[in-house]
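Here's the structure we're looking at; comments come further down.
Each reported figure results from applying straightforward, stated rules to the coordinates on display, with no laboratory input. Just so it is clear, the model here is predicted, and its values are computed rather than measured. Ideal geometry is used to build each Cβ from the backbone, glycine not excepted, and the neighbour counts take in all protein chains shown.
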Amino acid sequence: MERLANYINGELSPPVAGRYLDNPEPATGLIYSQLPDSGGEDLDLAVAAAEAAFPDWSAATADHRARVLQRLARLVRDNAAMLARAESVDNGKPISVAATVDIPRASANLEFFAAAATQFHSEAHATDHNTLNYTLRHPLGVVACISPWNLPLYLFTWKIAPALAAGNCVIGKPSEITPMTAYLFSRLCQDAGMPPGVLNILHGTGPGIGQQIVDHPGVKAISFTGGTATGARIAASAAPRFRKLSLELGGKNPSLVFADCDWERTLEGTLRAGFSNQGQICLCGSRVLVEASIYERFRDAFVEQVEAMTVGDPLDPDTSQGAVVSAAHMEKILGCIDTARQEGGRVLCGGGRVQPDAARCRDGWFVAPTLIEGLGPDCRTNQEEIFGPVVSLSPFDGEEDAVAQANATRYGLAASLWSRDVDRCHRMARQLEAGMVWVNCWMLRDLRTPMGGMKDSGVGREGGFEAMRFFTEPKNVCISYR
Ligand code: TXE
């Protein structure tokens, strides 16, 4: 059975204590590889390597750093088919999604921050005729990038690329649930000529090596994407040591459908927003709010579309819904569906575990895409992040009610708005409590824009120069001259 390795000081390294964790394939439930269960000794080696690499990497020209990131971007592109397959096996997502979304976006992240490295600039302010302020931006040193399982290589590269571009050395920790693409990526780092120690990748559990990384005195900043409860724990650990934190957490995002929407485009868009990656994207629109005058018609058309989705072997290119990521996560989702029933929700389709046709997937972790209606904004189904293929449908009555329902959660990550009334779209975009509002689209991205959430969806923004600034310490110089 394949054993993955850490990536420390440019080498693929087995865990010092020799402990491993099993890595199952969600589509079959079978263990297919093992990952290091890293500990403090591995972390000390990684931090020492990163500290040793920092003087040269931070002093290197932006062009040099850009070239390393560009080579990595090209290697990810050249190996896209292999990486997409690996990610589909590791995560349970349809291979079509891995091949068209995850891997191309991972390569684009590296490409974008390669370019951003050469464009990064700092501010200067001419205060008056004889005073000038300018700001130096120093990289922080050794920083941690902790990423989740839902978009494994995509979110891993999204974090490490700005940190590296800004001149930091990185301790990366991919999710223990989906370690494979980060491991394959570490092999590509060797091919790309990444200087030893600049990027180190440690595998293992969140409460184990994850928490040790957060607590390590050598780690100057933490960029984390994952669950809100974990984010709170990390914030509590980091606060007394004044570590910089960027937290990209959960969401309970509304898709708001108005009677004047473009019907086909809205159906297709809200379906994608609800069920992409089996609903396991923090940006997924898990609450579809529909203007009362079209509610029944929209609901019936939506049910028809959901029922037409094929749940199948993730490796089959025609599959649109794969497995959910783990047995525990499947149980959590099924528990949420039970809760919805107990709360009085009506299950319109789906509602349980399914077995796809493929024989090899008989024991895999598959949940039927599920639609529920009849629940008010305060019930748990409309409040708690389910993070699975479960969408709740509710009617609203006018703009004010739409905004009130949309904002009635502790989360504030994203919203999508479907209407042809331009005035309304601008009006509502201002009022929605969300870090990202999409109008007549979903998950379109421009890497220059700030990305992150309001309220309990996190603090800080990722993307563009904002992300690079996070990974630097500003120092202002004020000069008075005669
Ligand atoms: O994520 P965790 P989990 C949500 C979703 C899901 C829930 C829990 O609702 O059901 O979170 O998922 C590492 N110190 N999202 O448990 O635990 C962990 O090893 C340091 C939303 O899988 O937050 C992994 O690398 N690190 C989300 C990463 O944190 C720790 C994506 C995320 O794991 C740690 C995933 C600790 N104490 C789940 N504990 C999104 N926003 O996209 C865990 N980790």
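How high is the relative contact order of region 254-447? Use alpha-carbon pairs under 8 Å, at least six apart in sequence, and give a whole percent.
Numbers: 363 pairs, mean separation 53.4, N = 194.
It comes to 28 percent, rounded to a whole number.
Counting 0.36 nm for each residue step from Asp262 to Ser293 and taking away their Cα separation leaves a gain of 9.7 nm. Take every Cα pair under 8 Å whose residues are at least 6 apart in sequence, average their separation, divide by the length of the chain, and the relative contact order is 19 percent. For Arg341 and Tyr134, a Förster radius of 51 Å and the Cβ-Cβ distance give a FRET efficiency of 0.25, rounded to the nearest 0.05. Helix 263-275 and the long axis of the chain differ in direction by around 60°, with both axes built from C-alpha atoms. Note on Arg448 and Lys475: their simple-model spin labels are 3.0 nm apart, each label 7 Å out from Cα toward Cβ.
Placing a label point 7 Å from the Cα of Asp423 along the Cα-to-Cβ direction, the residues of region 225-264 with a backbone N closer than 16 Å are 260. Inter-part distance, region 428-452 to region 51-97, computed on C-alpha centroids, equals 26 Å. Once the Cα atoms are used to define both axes, helix 62-78 deviates from the longest principal axis of the chain by about 40 degrees. Counting beta carbons within 10 Å around each of Met82, Met436, Met454 and listing the fewest first gives the order Met82, Met454, Met436. The reciprocal of the average 1/r between distinct C-alpha atoms defines the Kirkwood hydrodynamic radius, which for region 129-231 equals 14.5 Å.
Here region 267-366 is described by how far its Cα atoms reach on the three principal axes: 45, 32, 24 Å, from widest to narrowest. Beyond 26 Å in Cα-Cα separation lie the following of the pairs Lys220/Lys475; Lys93/Lys244; Lys93/Lys159; Lys159/Lys455; Lys173/Lys244; Lys159/Lys252: Lys93/Lys244. Site pair Glu2 and Thr118 shows an inter-label distance of 3.4 nm when each label is modelled 7 Å from Cα along Cα→Cβ.
Cβ-to-Cβ counts within 10 Å put His121, His203, His216 in ascending order as His121, His216, His203, the fewest first.
Close amide-amide hydrogen proximity is noted between Trp438 and Ala415, Ser416, Leu417, each under 5 Å apart and 5 or more residues distant or on a separate chain (H modeled in the peptide plane; Pro and chain starts excluded). When you restrict to C-alpha pairs under 8 Å that are six or more residues apart and normalise by the size of region 341-390, the relative contact order lands at 37 percent. Spread over its residues, the convex hull of the C-alpha atoms of the chain is 147 Å³ per residue. Averaging the Cα positions of each part gives two centres, and for region 335-351 and region 390-408 these lie 19 Å apart. Can you sort Trp149, Trp263 so the residue with the fewest Cβ neighbours within 10 Å comes first? Fewest to most other Cβ atoms nearby, the residues stand as Trp263, Trp149. Rounded to the nearest 10 degrees, the inclination of helix 228-238 to the longest alpha-carbon principal axis of the chain is 20 degrees.
Quick note on region 1-139: its Rg to Rh ratio, both from C-alpha atoms and Rh being the Kirkwood radius, is 1.11.
Per the Debye formula on identical point scatterers at the alpha carbon atoms of region 254-447, with no solvent, log10 I(q)/I(0) at q = 0.08, 0.09, 0.13, 0.15 Å⁻¹ is -0.24, -0.31, -0.65, -0.86.
In Å³ and rounded to a whole number, note down the convex hull volume per residue for the Cα atoms of region 162-201. Could you put the intermediate results ahead of the total?
On the way: hull volume 2.7 nm³, N = 40.
Hull volume over Cα atoms, normalised by residue count, gives 67 Å³.
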